[in-house]
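*Asks:* Please see the structure below; I have some questions.
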Amino acid sequence: MDHIFQSCEVFNPENKNCPVCNSLNSIYKSSSFQNEMELPQQFGKGYCRRIVIKPSMEISICDMTFYQKMTMGGRHDSSMLWLAFCLGERFSWKLDMNKKELEMKRGESYMCNGYEVSGICSYNSGQRFLGLNVKLDIELLMSLINSTGKEYRIIEQFNKNNLLFKKKFTSSIGIILNDIIRCRYRHSLKRVYLEGKILELIAVYMDEMVNENGAGNSAVKLSSYDMEALYKAKMVLDEDIVSPPTLAGLARRVCLNEYKLKKGFKELFGIPVHAYVIDKRLEMARFLIEDKRLKVTEAALFVGYNDASHFAEKFKKKYGINPSEYIKSL
């Protein structure tokens, strides 16, 4: 299993003895459950943390700001599936294989095999690099998924080819990432908790991929124009989930009739428009309570609930706990 523990090698093409790269490699070569390095003070501020849940599953969390331009490269184990999430400022890297330059913005993610992401990345002075990476053994992931499903075929393609899949991640994904970063458990409980969160992350991510690419067998006939309009409808809702337009107003904005909007939205995204709005409001409320430390009534009002008891009822239905009890558990 040594090749899995050394699943990433970092280097500086301009300095073979770069202290930052040496520190990063020290944690990537370790088989310990958790290792963390602080960025040397002369280079900047921040840290990089690596957590090895098991040889076939690991997490890296980096939050670093460099005082001067820094160029680093990375080589990754191609037997691992790589999920990368950008939570900070945009950055770019150049792939080894085809010299193509890729850009990653805040709120975007990449899924690829390790060979594809090997390359050179540049960080500008004062730029905050904040990201979370998950690496999984591809064979392990395939063993967890039904071999007759669309999810299996997607992963199989990544296993056979040098594929790179880019998408914006949803608020559902964002909440899971926040849970992973803010994990308050320690030792063996932390390992169990994080393994569960990674599996939840993969399940939600794969479900979104299938929904985004699986409308071909829809009971509602959707043209490419319809698909584009439905994605625009989802974007309109995401941009103003607290005060969204009515169904009729939304239909007018995306130039679809209400019937196709209702049926097509549920078929494509797996949830009715109204339920989607409620679900996203509750996710936002949970984030405000947990991360911003708002009171229950404040969070309820912020996401559009004037009746706190009605909000508490919806919150408990989604999360299995009253919001007041949830605050106590934080």
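*Asks:* Report the local net charge at GLY107: Lys and Arg +1, Asp and Glu -1, summed over other residues whose C-beta lies under 15 Å from its C-beta.
*Replies:* With Lys, Arg at +1 and Asp, Glu at -1, the net is +2.
*Asks:* Here is a further query. If each of LYS69 and GLN42 carries a label point 7 Å out from its Cα toward its Cβ, how far apart are those two points in nm?
*Replies:* Inter-label distance under the simple model: 2.1 nm.
*Asks:* Further question on the same structure: How much accessible surface does TYR225 have with a 1.4 Å probe, in Å² rounded to 10?
*Replies:* 120 Å²
*Asks:* Kirkwood hydrodynamic radius for the chain: how many Å is it when counted over pairs of different Cα atoms? Display every interim value, and only then the final one.
*Replies:* Working: mean 1/r = 0.0459 Å⁻¹.
In the chain this quantity evaluates to 21.8 Å.
*Asks:* Sort by residue number and name the cysteines in the chain that have no neighbouring cysteine Cβ under 4.7 Å.
*Replies:* CYS8, CYS86, CYS112, CYS121, CYS183, CYS255
*Asks:* So if each residue of separation counts as 0.36 nm, and I subtract the Cα-Cα distance between LYS263 and LEU189, what length gain in nm does that give?
*Replies:* On the way: separation 74, 0.36 × 74 = 26.64 nm, distance 4.29 nm.
Gain on extension, LYS263 to LEU189, equals 22.3 nm.
*Asks:* Then there's this: Taking only DSSP H segments of four or more residues, each worth -39500 (n - 2.57), what value at 222 nm results for the chain once the sum is divided by all its residues, to the nearest 500 deg cm²/dmol? Don't jump to the answer; show the numbers that get you there.
*Replies:* On the way: 14 runs with 154 residues, N = 330.
Result for the chain: -14000 deg cm²/dmol, rounded to the nearest 500.
*Asks:* Keeping all protein chains in place and using 1.4 angstrom, which order do SER109, SER329, SER31 fall into by accessible surface area, from largest down? Let's see the in-between values first.
*Replies:* On the way: SER109 0, SER329 50, SER31 75 Å².
Solvent-accessible surface, decreasing: SER31, SER329, SER109.
*Asks:* Under 14 Å between alpha carbons, and skipping anything fewer than 8 positions from LYS105 in its own chain: which aspartates and glutamates qualify?
*Replies:* The reachable aspartates and glutamates, counting only those whose Cα sits under 14 Å from LYS105, are GLU89.
*Asks:* Filter LYS29/LYS54; LYS221/LYS314; LYS221/LYS262; LYS135/LYS266; LYS168/LYS316; LYS29/LYS135 down to the pairs with a C-alpha to C-alpha distance above 23 Å, please.
*Replies:* Details: LYS29/LYS54 14 Å; LYS221/LYS314 33 Å; LYS221/LYS262 13 Å; LYS135/LYS266 32 Å; LYS168/LYS316 28 Å; LYS29/LYS135 15 Å.
From the list (LYS29/LYS54; LYS221/LYS314; LYS221/LYS262; LYS135/LYS266; LYS168/LYS316; LYS29/LYS135), the Cα-Cα distance tops 23 Å for LYS221/LYS314; LYS135/LYS266; LYS168/LYS316.
*Asks:* If we count every other residue with Cβ under 14 angstrom of ILE145's Cβ, Lys/Arg +1 and Asp/Glu -1, where does the sum land? Can you show the working numbers first?
*Replies:* On the way: positive: LYS150, ARG153; negative: ASP137, GLU139, GLU151, GLU156, ASP207.
That sum, taken over residues with Cβ under 14 Å, equals -3.
*Asks:* What figure in square angstrom, to the nearest 10, would you give for the accessible area of ARG281 with a 1.4 Å probe?
*Replies:* Accessible area, nearest 10 Å²: 40 Å².
*Asks:* Just the number please: accessible area per residue for the chain, 1.4 Å probe, all protein chains included, in Å².
*Replies:* Details: 16820 Å² over 330 residues.
Value returned for the chain: 51 Å² of accessible area per residue.
*Asks:* Shifting gears a bit: Can you pull the percent of Cα pairs in region 231-330 with separation above 21 Å? Provide the component values of the computation, followed by the final result.
*Replies:* Numbers: 1879 of 4950 pairs.
Above the 21 Å cut-off, region 231-330 has 38 percent of its Cα pairs.
*Asks:* Further, regarding this structure: Angle between the Cα long axis of helix 273-290 and the longest principal axis of the chain, 0 to 90 degrees, nearest 10?
*Replies:* That helix lies at roughly 50 degrees to the long axis.
*Asks:* Just how much of ARG182 is accessible, in Å², when a 1.4 Å probe is used and the result is rounded to the nearest 10?
*Replies:* The value for ARG182 is about 90 Å².
The values are calculated or read from the model by the stated rules, or taken from the named source; none is laboratory data. All values reported here derive from a predicted model rather than from experimental measurement. All Cβ positions, glycine included, derive from the backbone under ideal geometry; neighbour counts span all protein chains shown. Calculation scope for accessible area: heavy atoms of the full protein, side chains included, ligands and nucleic acids excluded. Shrake-Rupley method; radii C 1.70, N 1.55, O 1.52, S 1.80 Å.
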